[in-house]
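Below: the structure, in structure tokens.
The values are calculated or read from the model by the stated rules, or taken from the named source; none is laboratory data. This is a predicted model, so every value here is computed, not measured. Glycine also receives a Cβ, built like all others from the backbone with ideal geometry; neighbour counts cover every protein chain displayed. These accessible areas exclude ligands, DNA and RNA; they are computed on the full protein's heavy atoms, side chains included. Shrake-Rupley method; radii C 1.70, N 1.55, O 1.52, S 1.80 Å.
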Amino acid sequence: VTGVQTCALPISYSYVTTIANIFESNYDYNTSFGESVSIYNDIIAIGASSISSSKGVVYLYKKVGDTWTYYQSLTGSNVTGSKFGGTVKIDQSGSYNIIVGNKAISGSVYLFNYDSSSGYWTQAAILNANRTLTSSLENVNNNWPPYITASTNADGYGNSVAIYGNNIIVGAPTDTCYAEYIGSNTWHRRGAAYFYENCIGDNKNWILLNKSFGSDAILTDNYFGWDVEIYNTSSIVSSLKTNFPFSSSYLQNTLYKKFDCNPNDYIYDIIGQYVLYEKNTDNSTWNIKTTVTKKKQYGEPYSVYGFDTSLYDTTIVV
């Protein structure tokens with residue numbers, strides 16, 4: 001056929017880089033090494049939350065030439081069972097600071113500052129949940145205030161973390177258990193996202209700007225805060241359903257099912273959500289810009305939308 005141009009695909013090569021001396025003297029087969037990873041320029045951070053009786057460690061590797069070499073271990077002041085390293089992020093704004101969360105039922109988040117003069121990271125701050133903030137939890141049932149009793153709820157604080165410059169977000173997907181109103185027997189579990197800012201540029205003194213449970217469009221029962229991301233003045237927080245994962249038989253039976261035809265399945269119609277926030281530079285608060293809801297489509301497998309997210313410039317991947 002004449003007049004048709006084709007683009008020949010370039011030959012591609014796959015390279016596998018082996019990281020040696022991974023565990024130093026702490027080697028253990030049950031380490032969850034690789035549970036979380038983050039890369040920025042010549043630094044890779046790899047979490048191993050099950051090492052040392054689940055105290056957890058984050059291993060840092062530096063690229064020298066074509067080789068990634070073990071460089072430093074981060075441990076913080078974590079204790080047995082804290083699952084330190086369950087999630088880790090390197091600041092993509094250029095500071096090289098590192099934030100480390102956990103996959104425990106409740107925990108703390110650690111910030112490590114990079115010292116350009118020494119070339120190493122040191123612990124700079126510890127962030128903890130403030131469970132008394134409930135102002136953005138919407139009223140229900142004729143605007144009656146929700147009744148919150150679980151002050152020691154296993155909130156999952158630190159299940160997800162994100163850092164960009166002077167901004168930090170921490171997800172707590174099981175933050176609050178509450179009744180619809182005092183005396184109600186209807187209980188809900190609601191996740192939350194905590195927004196922090198470092199106002200004086202020392203990366204040590206972080207203040208809690210606001211805590212968000214999402215918008216009225218978010219599912220009443222959810223894992224809001226399962227994953228969080230920041231880029232510049234934009235951020236996203238994903239919201240999973242509390243009834244995941246489904247059984248394999250349920251997934252098979254619903255593959256070619258139209259939920260809209262059965263009103264009893266309205267809860268299962270939604271497979272996940274995320275909320276897009278924009279930071280108000282006037283008062284430094286994060287405001288909801290839009291809420292995106294994903295529904296199961298006929299013939300598509302049932303998935304957990306929002307289990308992992310990524311944000312860069314004006315592009316969102318879910």
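If you count only protein heavy atoms and use a 1.4 Å probe, how large is the accessible surface of residue 248, to the nearest 10 Å²?
100 Å²
How high is the FRET efficiency between residue 118 and residue 248 when r is their beta carbon distance and R₀ equals 45 Å, given to the nearest 0.05?
After rounding to 0.05, the efficiency reads 0.30.
Let me cross-check residue 307: its accessible surface, 1.4 Å probe, with only protein heavy atoms counted, in Å² to the nearest 10?
Probe radius 1.4 Å; accessible area of residue 307 about 110 Å².
Ranked by accessible surface with a 1.4 Å probe, highest first, in what order do 70, 147 come?
Correct descending sequence by accessible area is 147, 70.
Keeping all protein chains in the complex and leaving out DNA, RNA and ligands, what accessible area do you get for residue 226 with a 1.4 Å probe, in Å² to the nearest 10?
Per-residue accessible area (residue 226): approximately 50 Å².
Once you have the Cα-Cα distance between residue 37 and residue 147, take 0.36 nm times their residue separation minus that, and quote the gain in nm to one decimal.
That works out to 35.7 nm of additional length.
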